[in-house]
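Worksheet: the structure to be examined is printed underneath.
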Amino acid sequence: MSVTKKALLATVLLFGVSLNAHAGKNPVMKADAQAIDAACKSDAATAGCGNEVVGKGLLKCMHAYKQAHKEYKFSEDCREAMKKMRADRRAQKDGK
């Protein structure tokens with residue numbers, strides 16, 4: 001697995017763990033979480049994570065599926081939504 005893919009998957013896990021605390025306090029993070037829920041809906045269904053939402057296990061579930069199915073790739077919309085969340089989180093962190 002490439003370094004870029006490992007970084008993306010690590011980011012997915014980090015967002016899944018920390019987003020719940022931030023989403024309720026930050027409207028940008030909340031909007032990003034909603035965007036991921038919408039953009040990754042078909043990816044979540046494929047991964048058997050359709051009942052999950054961001055901050056409540058979706059990203060962790062999708063990451064586990066990706067690990068078990070190496071050939072699987074997230075949809076472009078899903079990847080872009082995760083990238084946006086990562087960028088917004090970095091911007092928020094840098095702004096503090």
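The values are calculated or read from the model by the stated rules, or taken from the named source; none is laboratory data. Given the structure is predicted, the values throughout are model-derived calculations rather than measurements. In this analysis, Cβ positions are derived from the backbone assuming ideal geometry, glycine residues included, and neighbour counts consider all displayed protein chains.
So is residue 39 modelled with pLDDT of 90 or more and surrounded by 13 or more Cβ atoms within 10 Å (Cβ to Cβ) or not? The answer is yes for residue 39. For region 3-17, indicate whether the set of residues that are of a type in the set (Lys, Arg) and modelled with pLDDT of 90 or more is non-empty. Within region 3-17, not a single residue is of a type in the set (Lys, Arg) and modelled with pLDDT of 90 or more.
Against the definition (charged (D, E, K, R), assigned to a loop (DSSP other than H, G, I, E, B) and either out of contact with any Gly (no Cβ under 7 Å at 6 or more places or on another chain) or at pLDDT 55 or above (or both)), how does residue 30 come out, yes or no? Answer is no for this residue.
So that you can scan it fast, the table gives a plain yes or no per residue for (1) over 10 Å from the mean Cα position of the chain (by Cα); (2) more than 13 Å from residue 32 (Cα to Cα); (3) at pLDDT 95 or above; (4) assigned to a helix (DSSP H, G or I):
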| site | (1), (2), (3), (4) |
| --- | --- |
| 52 | yes, yes, no, no |
| 63 | no, yes, no, yes |
| 67 | yes, yes, yes, yes |
| 70 | yes, yes, no, no |
| 77 | yes, no, yes, yes |
| 94 | yes, yes, no, yes |
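Screening residue 25 with (1) modelled with pLDDT under 95; (2) loosely packed, with under 13 Cβ neighbours inside 10 Å; (3) assigned to a helix (DSSP H, G or I) gives one miss only, at (3).
Figure legend. Inter-residue proximity from region 67-82: first residues surrounded by fewer than 16 Cβ atoms within 10 Å (Cβ to Cβ), second residues part of a helix (DSSP H, G or I), beta-carbon distance below 6 Å, spacing 6+ or different chains. Indicated pairs: 72/66; 75/43. For region 39-50, filtered to residues that are over 12 Å from the mean Cα position of the chain (by Cα) and assigned to a helix (DSSP H, G or I), the residue that is nearest to residue 27 (Cα to Cα) is 42. Residues in region 42-51 that are surrounded by fewer than 19 Cβ atoms within 10 Å (Cβ to Cβ) and not aliphatic (A, V, I, L, M): 42, 46, 48, 50, 51.
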